[in-house]
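The values are calculated or read from the model by the stated rules, or taken from the named source; none is laboratory data. This is a predicted model, so every value here is computed, not measured. Cβ placement follows ideal geometry from the backbone for every residue including glycine, while neighbour counts extend to all protein chains displayed. Heavy atoms of the whole protein, side chains included, go into the accessibility calculation; ligands, DNA and RNA do not. Shrake-Rupley method; radii C 1.70, N 1.55, O 1.52, S 1.80 Å.
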Amino acid sequence: MNRYLPLVIVSLAILSFATLLLVIIPGMQIAKSGASPGLKPYTVAEARGRAVYVSMGCLYCHSQQPRDEAQAPDGERGWGRASVSGDYAYDTPHQLGTMRTGPDLMNIGDRLPSQGWQLTHLYQPRAIASWSIMPAYPYLFAHKAKADPGDVVVKLPPAYAPKTGVIVAKQDALDLVSYLQGMKHDYAPPTDGLRDDGYELMAAQQHNNDAAKASK
Amino acid sequence: MTDKNKQDPRLPDETFEPYEEPRRIPMPVYWIAIALAIWGVVMLVQMSYSTKIGDKERASMSDQEVAATTPVKAEPKPDAGKALFADNCASCHGDAGEGVADAIPPLHASDVVKAGGASAITHIVMRGIGGPLIVDKANYDGEMPSFASVLDDKDIASIANFVASDLNGLKSTVTPAQVAEIRTASADLNPWDGGSGLAGLINGLPAQPASETAPAPSPDAAATAALAMHGTNEIWSCASCHGDKGEGTQTIPRLAGLAPAYLAKQLHDFKEGTRINDSMDYVVKSLSDKQIIELANYYGAMSSPSGARPSLEGDLARGEKIALEGDWTKNVPACFTCHGPSGIGVGDKFPGLAAQQPAYIAHQLAMWQGGSRHNSPLGLMAGIGKSLSDADRRAVADYLASLPPAAANAKLALAVSATTKETSNGQ
């Protein structure tokens, strides 16, 4: 252990090679592809809602990355087509998430477009699904004796409604719902969009096998 | 092995350092390294094929979108019209456009087509038509759906020109650009109101029957529309998820034009727990039997363009085969055997499938398979669901999404309200 210099040089070379392949080249590829043509920038309300989404830590349970049909039945679940790099062009930081304790939300605005549904569900998920393990967010709502003009009243079944007065959505809840309603990536993906196509070959082979079997 | 050691072998060696002779790396290590390198290269090559397949898929998806949204300049070939007519029109109007007596008006040597020419055909294909109509002195009273969502401008121009020139010997033609103009003008318009609706469109139209006067909207109907569009204090509106035109989205089904008796049965099934969906369970809890029937009639009588497009990467040819012929190697009958020609639906047991949302169809088929949906007559759909693979589900769902929607049938709605409204027996 007395030849330190070659050791340092070799380890630095290995590290910089990994950095080049895993960080720098992908970074350059992503920077080149830009925003998907169909993607709209966030509106002011959506951008505020996104900040609420980030601050609530939604990504710890909800991913934003539907997979290809070759990898998972996300399309059949109504979660939308597989996302590509350009779909996240306006997301800094991105909210890809790694956990799917709850469903993927990349196309929640397409799958559950109802503002009323989203507000009820945020106020008390158990009002809709008794088995839901999603936390309730009552502090995004206010209990009022009477709704003022312009207030959005949350629709609730008798079991969850207050005995008197109404529950109205605070601005944070309305912004968050605007953000969720805006989550629609239903345009065709750009041809040069980057994504993990690792299972496409397997799926294509499977498809050919099926076709051969069916023709017999 | 230094000189120091040799100087005096009796003295203990205090400067000894252990060392090893340089040894060769064992051969197995080389083999493993070479095998890993080869594996890596093979994986890289395979992955590059996968990426190519993925790129091709994305290219075809964006091509479809481009084809659907941009008018095509090129003049269509005359043969294309004949083939498109056979694919889209002949199943009702007949191979030679001869029609069906008392049911489907003829397109061959038809006085309405002769008066209106290719442009009138384009208008009708774009919006659909329903209600009393007189063609060649014969009365018809049927429904034709809008094909706007199914055919692009070039296809509609080909069909209109084929019907005008080949079937009626007219000189009049339309270009895809003119079709595009008609498409823009017809967006969001309801189907033509029978022959009388065409009066303003076609000069020299043969005499037509008066349109059925729409019944004055009753207070009940206004309340039902308000319920569907705005909900109540407890429940969200139907339209907030199913869309203002009942066209559905993703796993939320299209409701427009489904048989009212089918819709009412599903709502009752949600209420009784024989069909399960958390959001629908919530909604039906506060709907009365009367409201259920009124909503079923409301959506049954609704006629709206298709909101569905193939989106699950399904194999459309395979989907068409399953829908039209079934797959008897898997004991799957053709969808259209029960659900009607072109998936327009039959009676109250077999809902229309045409223009249904693909994610909804695939999702429901998976639910039939897994047993979480089990409310079909005789358990028919459970067996079919079990026989279809994941790729088959997506194929058939995408194929059905590519079809024109079934036209609404107002007569079916009246029958339901007459028989079930008073009794509300939950059938």
Considering the protein assembly as shown, what Rg and Dmax in Å follow from its alpha-carbon atoms? 31.6, 134
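Using Cα pairs closer than 8 Å and at least 6 residues apart in sequence, work out the relative contact order for the stretch B:90-219, in percent.
Reported relative contact order: 29 percent.
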Explain nothing, just the number: relative contact order of the stretch B:316-401, from Cα pairs under 8 Å at least 6 residues apart, as a whole percent. 36 percent
Under 13 Å, Cβ to Cβ, from A:PRO66 - net charge with Lys/Arg +1 and Asp/Glu -1: -3
Please work out, to two decimal places, the log10 of the ratio I(q)/I(0) at q = 0.12 Å⁻¹ from a Debye calculation in which every Cα of chain A carries one identical scatterer. -0.78
Not counting ligands, DNA or RNA, and with a 1.4 Å probe, what is B:VAL179's accessible surface area in Å² rounded to the nearest 10? 0 Å²
Given a 1.4 Å probe and heavy atoms of the protein chains only, how would you sort B:ARG309, A:ARG77, largest accessible area at the top? B:ARG309, A:ARG77
Where in chain B lies the longest segment free of GluC sites (Glu not before Pro) that are both loop residues by DSSP (not H, G, I, E, B) and have at most 12 other Cβ atoms within 10 Å? B:21-421
Heavy-atom accessible area of B:ARG394, protein chains in place, probe 1.4 angstrom, given in Å² to nearest 10, is 30 Å²
How big is the charge dipole of the protein assembly as shown about its Cα centre, in debye rounded to the nearest 20, if each Lys and Arg gets +1 on its Cβ and each Asp and Glu gets -1 on its Cβ? 900 debye
Could you give the angle, 0 to 90 degrees to the nearest 10, between helix B:410-420's Cα long axis and the longest principal axis of the Cα atoms of chain B? 90 degrees
On the Cα set of the stretch B:316-401, report Rg and Dmax in Å, please. 11.4, 29
State, in angstrom, two size descriptors of the stretch B:85-201 derived from its alpha carbons: Rg to one decimal place and Dmax to the nearest whole number. 12.8, 35
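So between B:ALA334 and B:HIS374, what do we pick up on full extension, going 0.36 nm a residue minus the alpha carbon distance?
Here the segment from B:ALA334 to B:HIS374 would lengthen by 12.4 nm.
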Taking A:HIS121, B:HIS374 and ranking on accessible area (1.4 Å, protein atoms only), highest first, one gets B:HIS374, A:HIS121
Report the relative contact order of chain A, percent, no decimals, based on alpha-carbon pairs under 8 angstrom and at least 6 residues apart. 26 percent
Which of B:LYS154/B:LYS245; A:LYS40/A:LYS144; A:LYS184/B:LYS386 have a Cα-Cα distance over 29 Å? A:LYS40/A:LYS144; A:LYS184/B:LYS386
Roughly how tilted is helix A:4-19, in degrees to the nearest 10 and between 0 and 90, from the longest Cα axis of chain A? 50 degrees
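Under a point-charge model restricted to the Cβ atoms of Lys and Arg (+1) and Asp and Glu (-1), what is the dipole moment magnitude of the stretch B:316-401 relative to its Cα centre, in debye to the nearest 20? Write down the numbers at each step before the final one.
Working: 8 positive and 7 negative charges, 35 e Å.
Computed charge dipole of the stretch B:316-401: roughly 160 debye.
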For the protein assembly as shown, with +1 on Lys and Arg beta carbons and -1 on Asp and Glu, the positive-most of B:PRO18, B:LEU205, A:GLN118 along the dipole: B:PRO18
How much solvent-accessible surface does A:SER33 expose, in Å² to the nearest 10, with a 1.4 Å probe and all protein chains in place? 30 Å²
